[in-house]
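In what follows, a structure is listed as structure tokens, so that the remarks can point back to it.
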Amino acid sequence: MKRFLLIFALISCTSFSPKAKADFGDADFPVGMFDDGPKSYHDAWCRKIKNKCRIRFQGPSMWVEGQGGIQTSQYVRYRYDKDGEEYYNYITYKSGDGQEREALFLFTNFYAQRNFTKALHLWRKQNSKPFPNLRLPASQGPQDTQGRDKGNNPYDNPAITDWNKKTTD
């Protein structure tokens, strides 16, 4: 009986230790990661080519880091155009003073464009399933942005509450 209890104790300790993997282990997203609604970021050009900016979606907010943004309630419509290898994304919205305004986000990388439009539609629907661009941070954008975040995964950071905060240089 003592031998059984010792074996049971050893199994119990290893099964419930903090280092033990649960469910899908390394494939699991952190608990609560999607509680704030959809989250993603997209490196693009704002209004003109070579004017780098980072677009973020988090919960009901969409914004350009360090500049400003809108809530889903301000969103009016989206339209898209393509000219050669350039993708033009026009977002029409109601500004704080009630005027209808338009913003332009450009991409020249097909996959970056596709990830942005998927994230935009998920943001509009407020579907927080882990779909937008949770693959390789810093690997999407208008061109090759590898290394832009220097190993800092934006998804590991707490939710951003201040649109004026920039997470990149």
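The values are calculated or read from the model by the stated rules, or taken from the named source; none is laboratory data. Remember, predicted model here, so these are calculated numbers, not experimental data. When the accessible area is computed, the model is the full protein with side chains, heavy atoms only, and any ligands, DNA or RNA have been set aside. Shrake-Rupley method; radii C 1.70, N 1.55, O 1.52, S 1.80 Å.
What the table shows:
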{"read-out": "For the stretch 54-93, alpha-carbon Rg over 2.2 N^0.38 Å", "value": "1.31"}
{"read-out": "Vicinal HN-Hα couplings computed from phi for the stretch 106-114 (Karplus, 6.51 cos²θ - 1.76 cosθ + 1.60; Hz; Gly/Pro x)", "value": "10, 9, 10, 10, 4, 5, 5, 4, 4"}
{"read-out": "Backbone HN-Hα couplings from phi across the stretch 66-77 [Karplus 6.51/-1.76/1.60, Hz, Gly and Pro as x]", "value": "x, 10, x, x, 9, 9, 4, 5, 8, 5, 10, 6"}
{"read-out": "Accessible area of the stretch 60-107 belonging to carbon and sulfur atoms, whole % at 1.4 Å probe", "value": "40"}
{"read-out": "Accessible-area value, Tyr88, 1.4 Å probe, nucleic acids and ligands omitted, Å²", "value": "40"}
